[in-house]
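Single-structure report; data block below.
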Ligand code: SF4
Ligand code: SF4
């Protein structure tokens, strides 16, 4: 025998934490029963017995620059793309080696998207995109909803906004998945209630993408769940541009992309930030901070783009003779940075990264 002893769920979870996961849950593949073909991971690995779901916290501090209106790359990278495209895969590779060393096949799935036959934002089937390789199979790529996976693995619940809420971090995490032929003891589906229908997500959503009145009900893993009807296209546009009138974006022109992602100017104002603030204030989360995210009397600032752009006097004084058009930087960045990363395959298609926020 060239592999190590059988693994238990406890072994897998301990290793996942050692590798850098903050939370881990396990579901039997049978919990996907009832999912439509195009979203059913059992078509990706038919012999899989278990799905391991890893959660990685979004650093609260990665939202700070967006909150203050002074720095935007940090959330888009450290709080979003790098978690999905770099940190998650690093943990997945380590876990993959661990599973293989114990004789199990494991399919590592990062939340990066791009090849789905069903558009993850619109939910529409992409005609002319791909063909099933055999009759009865779904069209490639099958796409897995990472929030549904987290629910099936017992990590938390869907909030009213459809953001996934965990007892540890509320809406503040991203997920990666591993399908394996190891038969591991599953976690029960979470039956607690984190979301209290406070509607802070609705009030603070600058895309008006979360309906305050209309909801969607579904049965997932045999459990009825409900969340707000969402306008994903409105969310996507507002998230990238900083609200319907760009009121949360201080930028005048184009903005550079890092890891293929930089356009997160609305900064999940409702479904992550307002929700997080609310849950922290109500002490609903097990992970607490010494200081609140917002000071008493905090008020959301907004930019009025109908007013002409003006250089502040202090900038004119400080940079006299050294002021250039923003295009100089944008062109430099596209040519020297984004282009290099694209060539190295480090960019992703944001439109299919499994939704935004
Ligand atoms: S902001 Fe309130 S209503 Fe919205 S998901 Fe969070 S807890 Fe639920
Ligand atoms: S990311 Fe922003 S626009 Fe999209 S649902 Fe969340 S709060 Fe609304």
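The values are calculated or read from the model by the stated rules, or taken from the named source; none is laboratory data. Predicted, not measured: the structure shown is a model, and the values here were computed from it. Note: ideal-geometry Cβ built from the backbone for every residue, glycine included; neighbour counts use all protein chains shown.
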- Determine whether the range 231-241 contains at least one residue that is within 18 Å of residue 144 (Cβ to Cβ), more than 14 Å from ligand 1 (Cβ to nearest atom), outside any strand (DSSP E or B) and out of contact with any helix residue (DSSP H, G or I) (no Cβ under 8 Å at 6 or more places or on another chain). yes
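I'm checking my understanding of the structure. Among residues of the range 202-221 that are more than 15 Å from ligand 2 (Cβ to nearest atom) and without any contact (Cβ under 8 Å) to a residue 40 or more places away in the chain, which one is nearest to residue 300 (Cα to Cα)? Give the derivation first.
Pass one, the range 202-221, residues more than 15 Å from ligand 2 (Cβ to nearest atom): 213, 217-221.
Going one step further and asking which of them are without any contact (Cβ under 8 Å) to a residue 40 or more places away in the chain, we end up with 213, 217-218.
Working: 213: 24, 217: 32, 218: 34 Å.
Among those that are more than 15 Å from ligand 2 (Cβ to nearest atom) and without any contact (Cβ under 8 Å) to a residue 40 or more places away in the chain, it is 213.
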- Message: Is it the case, given these coordinates, that residue 138 is in contact (Cβ under 8 Å) with a residue 24 or more places away in the chain, crowded, with 17+ Cβ neighbours inside 10 Å and farther than 23 Å from residue 56 by Cβ?
- Response: yes
- Task: Output the qualifying pairs, or none if there are none: Cβ atoms under 6 angstrom, residues six or more apart or on different chains, first residue in the range 9-22 and at positive phi, second residue surrounded by 15 or more Cβ atoms within 10 Å (Cβ to Cβ).
- Result: 20/91
- Checking residue 41 against (1) closer than 30 Å to residue 132 by Cα; (2) surrounded by fewer than 19 Cβ atoms within 10 Å (Cβ to Cβ); (3) touching a strand residue (DSSP E or B) at 6+ places or on another chain (Cβ under 8 Å), which test does it fail? (2)
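I'd like the full set of residues that are under 19 Å from residue 137 (Cα atoms) and part of a helix (DSSP H, G or I), limited to the range 1-43.
First pass over the range 1-43, keeping only residues under 19 Å from residue 137 (Cα atoms): 29-30, 32-43.
Within the range 1-43, 29, 30, 32, 37, 38, 39, 41, 42, 43 meet the criteria.
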- For the range 77-92, pairs from a residue that is within 13 Å of residue 108 (Cβ to Cβ) to a residue that is assigned to a helix (DSSP H, G or I) and modelled with pLDDT of 95 or more, with Cβ under 6 Å and 6 or more apart or across chains, are 91/19
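Restricting the search to the range 255-293, which residues are in a loop (DSSP other than H, G, I, E, B) and within 16 Å of ligand 2 (Cβ to nearest atom)? Step through it out loud before you land on a result.
Just the residues of the range 255-293 that are in a loop (DSSP other than H, G, I, E, B), to begin with: 255-257, 259-260, 262-268, 282-293.
The answer is 262, 263, 264, 265, 266, 267, 268, 293.
Quick one: which residue in 161, 143 is in a loop (DSSP other than H, G, I, E, B), under 15 Å from the mean Cα position of the chain (by Cα), within 24 Å of residue 33 (Cβ to Cβ) and in contact (Cβ under 8 Å) with a residue 60 or more places away in the chain? Lay out the reasoning, then the answer.
Details: 161 fails: within 24 Å of residue 33 (Cβ to Cβ).
Going through 161, 143 in turn, the sole match is 143.
Which is buried (at least 24 other Cβ atoms within 10 Å of the Cβ) and within 14 Å of ligand 2 (Cβ to nearest atom), of 170, 156?
Numbers: 156 fails: within 14 Å of ligand 2 (Cβ to nearest atom).
The match here is 170.
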- Which one is farthest from residue 285 (Cα to Cα), of the residues in the range 164-196 that are part of a loop (DSSP other than H, G, I, E, B) and in contact with a helix residue (DSSP H, G or I) (Cβ under 6 Å, 6 or more places away or on another chain)? 184
- Would you be able to tell me the number of residues in the range 264-299 that are surrounded by fewer than 16 Cβ atoms within 10 Å (Cβ to Cβ), at pLDDT 95 or above and closer than 19 Å to residue 245 by Cβ? 0
- Somewhere in the range 179-199, is a residue surrounded by 14 or more Cβ atoms within 10 Å (Cβ to Cβ), closer than 23 Å to residue 122 by Cα, within 16 Å of ligand 2 (Cβ to nearest atom) and modelled with pLDDT of 95 or more? no
